[in-house]
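Throughout, read-outs are computed from the coordinates displayed, never taken from laboratory work. Keep in mind it's a predicted model, so treat the numbers as computed, not measured. When we count neighbours, we look across all protein chains shown, and the Cβ atoms used for this are built from the backbone with ideal geometry, even at glycine.
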Amino acid sequence: MKRLMLLFLLIGQVALGQEDTLSLSRCLEAVEVNHPGAGQKRLIDQQTRLKIQNLKAQWYPNLDMNARVSYQSDIARIGVELPFEADFPVPPKDQYQVTLDMNQMIYDGGSVEASRKVQKAGEQVEKQSVEVDLYEIKDQVLEVYFSILLLDKQAAILESTREELEEKRRSVAAAVENGTLLPSDLKNIQAELLKLEQNIEEVNAYVQSAYQVLSELTGLPVRPRASLKLPNVDTSLEGGFQRPENNLFQLKAEHLEARKKVVQSQRLPKMSAFAQAGYGKPGLNMLGDEFDSFYLVGARLTWKIWDWSSSQRERHILQVEQQRVDLQERSFNKGVKVQLARIEAEIRQYRKAAIRDKKIVQLRREVSESAKSKLENGVITSSDYLSELNQLTRARITQQRHKIALQKARLNYLFTQGITP
């Protein structure tokens with residue numbers, strides 16, 4: 001008994017963990033949190049922070065230890081004859097030296113700060129690239145979500161048709177027993193029922209597969225046959241847009257401007273202080289033949305006056321890259337405008353279709369009801385009745401397809417503009 005209660009408890013916990021009612025906005029929000037691509041932002045932050053720490057370290061004292069052992073084939077000698085005898089020291093041919101060198105940056109021409117801004121701008125570019133990728137995933141979620149809505153409606157219509165046909169099968173079976181209808185009429189209806197059941201099973205299989213895809217894209221534990229809400233969205237069809245890609249192009253331009261500042265800083269003078277302490281033979285006295293300790297301190301100024309126009313070419317490279325980014329944005333904007341125009345045409349088409357569909361379904365329903373009555377009175381055959389019933393079913397499915405497609409086109413229009421529902 002305890003095991004049975006525990007099993008029911010576990011089943012209840014699993015059911016609670018799954019989504020029963022799922023809105024489109026819930027799915028799109030889940031992509032921002034659950035999709036593996038969203039975790040890249042945290043890693044980008046961490047990576048940029050480490051790079052900036054490395055840049056700041058250039059302002060810290062730099063301490064190096066060096067050791068050197070050498071032997072030279074000849075040494076410096078005095079080649080002048082003196083009028084008196086003198087014993088001049090002779091430097092050793094073997095030399096030994098261990099030093100501790102320290103360098104401290106005093107002025108870097110703004111190179112570290114410019115590089116820091118490049119890293120921050122690059123961080124924004126990478127994060128926005130992740131947003132662009134996630135936006136594409138959201139577009140896939142939109143497609144799957146509306147596919148499920150359409151399949152659910154189709155399955156519901158087929159099921160209602162099956163129930164109606166099952167009821168008609170029973171009445172036809174009674175009529176066959178009474179001899180008012182032929183056995184072939186009953187067989188036609190039975191065959192159509194089997195065909196409907198097969199269609200329902202196929203649609204249900206597609207729905208189950210679509211739910212699995214939706215769960216994978218959103219990271220949500222979606223319950224099979226969870227209730228999805230048809231978003232009711234209206235749009236004024238205004239042509240303006242601001243896509244994540246547009247923000248990416250802007251951030252790329254800012255990144256290029258930051259890189260130009262780095263190129264400029266490379267030509268500025270740089271100053272540093274240095275100190276050296278060591279022990280060796282010889283020390284600072286190059287003529288000595290004994291091990292001795294020594295030290296020296298000073299300042300160093302470096303200024304790259306001529307670089308054979310390398311920095312100029314580097315600036316030109318960045319300008320060309322900026323032109324490429326501008327062309328990419330113009331091409332992208334043109335594609336978005338074309339897509340918006342196409343969706344506008346779809347919306348207008350589906351609006352007109354919705355008006356016609358209502359009339360068509362009403363007429364088909366009246367014809368089907370008339371055929372149903374005629375079959376009961378033996379005026380028409382079951383094949384004639386089934387033909388009219390199938391026409392009604394197709395009209396109802398077409399009506400739902402156009403209705404869902406209209407809402408999907410409206411959302412696509414907003415989504416193409418860069419507006420997340």
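Pairs to check: LYS187/LYS229; LYS229/LYS352; LYS41/LYS138. Give those whose C-alpha atoms are more than 29 Å from each other in this structure.
LYS187/LYS229
Can you put HIS35, HIS316, HIS255 in order, fewest other beta carbons within 10 Å first? Before the final figure, lay out the partial values.
Working: HIS35 20, HIS316 11, HIS255 23.
Fewest-to-most Cβ neighbours within 10 Å comes out as HIS316, HIS35, HIS255.
Bin by bin, in steps of 10 Å, what percent of the Cα pairs in the range 100-230 do you find, going until the bin that has the longest distance?
Calculated P(r), rounded to whole percents: 10, 22, 16, 14, 11, 9, 6, 5, 3, 2, 1, 0.
Quick check: the distance between the Cα centres of the range 243-306 and the range 328-378, to the nearest angstrom?
70 Å
Report the label-to-label distance for ASP94 and ILE75 in nanometres (one decimal), using points 7 Å from each Cα along the Cα→Cβ vector.
Distance between the two pseudo-spin positions: 1.3 nm.
What is the helix-to-structure angle for 244-265, meaning the angle in degrees between its Cα long axis and the longest Cα principal axis of the chain, kept from 0 to 90 and rounded to the nearest 10?
It works out to around 0 degrees.
Please determine, in degrees from 0 to 90 and to the nearest 10, the orientation of helix 24-34 with respect to the longest principal axis defined by the Cα atoms of the chain, where the helix direction is its Cα long axis.
Taking the Cα atoms of the chain, the angle to 24-34 is about 30 degrees.
If you average 1/r over all unlike Cα pairs in the range 204-363 and invert the result, what Kirkwood radius do you get in angstrom?
Computed over Cα pairs of the range 204-363, the Kirkwood hydrodynamic radius comes out at 24.6 Å.
Provide the descending list of Cα extents for the range 285-421 along its principal axes, expressed in whole angstroms.
132, 37, 24 Å, listed from the longest principal axis down.
From the phi of every residue in the range 266-276, what ³J(HN,Hα) in whole Hz does the Karplus formula 6.51 cos²θ - 1.76 cosθ + 1.60 yield, where θ is phi - 60° and glycine or proline is x?
After applying 6.51 cos²θ - 1.76 cosθ + 1.60, I find 5, 8, 7, x, 10, 10, 8, 9, 9, 8, 9 Hz.
Excluding residues on the same chain fewer than 8 positions from LYS93, give the aspartates and glutamates whose Cα lies under 20 Å from its Cα.
Within the straight-line limit of under 20 Å, LYS93 reaches these aspartates and glutamates: ASP74, ASP289, GLU290, ASP292.
Using a Förster distance of 22 angstrom, determine the FRET efficiency expected from the C-beta separation of ARG401 and GLU238, and round it to 0.05.
About 0.25, to the nearest 0.05.
Could you tell me which of rounded, prolate or oblate describes the chain, using a ≥ b ≥ c as the square roots of the eigenvalues of the alpha-carbon gyration tensor, with rounded for a/c under 1.5 and, failing that, prolate when a/b is larger than b/c and oblate otherwise?
prolate
Please compute the Kirkwood hydrodynamic radius over the range 159-248, one decimal place, Å, based on all pairs of different Cα atoms.
It is 17.9 Å.
Past 18 Å, Cα to Cα: identify those pairs from LYS51/LYS127; LYS120/LYS260; LYS359/LYS408, in the order given. Walk me through the numbers before you get to the answer.
Details: LYS51/LYS127 16 Å; LYS120/LYS260 14 Å; LYS359/LYS408 22 Å.
Cα-Cα > 18 Å for LYS359/LYS408; rest within.
Helix 40-56 sits at what angle to the longest principal axis of the chain, using alpha carbons and giving 0 to 90 degrees rounded to 10?
Its long axis makes an angle of about 10 degrees.
Go ahead and estimate [θ] at 222 nm for the chain from helices alone: -39,500 (n - 2.57) per DSSP H run with n ≥ 4, summed, over the residue count, rounded to 500.
For the chain, the value works out to -23500 deg cm²/dmol.
Step through the residues of the range 144-155 one at a time and calculate ³J(HN,Hα) from phi using the Karplus curve (6.51 cos²θ - 1.76 cosθ + 1.60, θ = phi - 60°), rounding each to whole Hz and writing x for Gly and Pro.
These are the phi-based 3J(HN,Hα) values: 5, 4, 6, 5, 5, 4, 5, 5, 4, 4, 5, 5 Hz.
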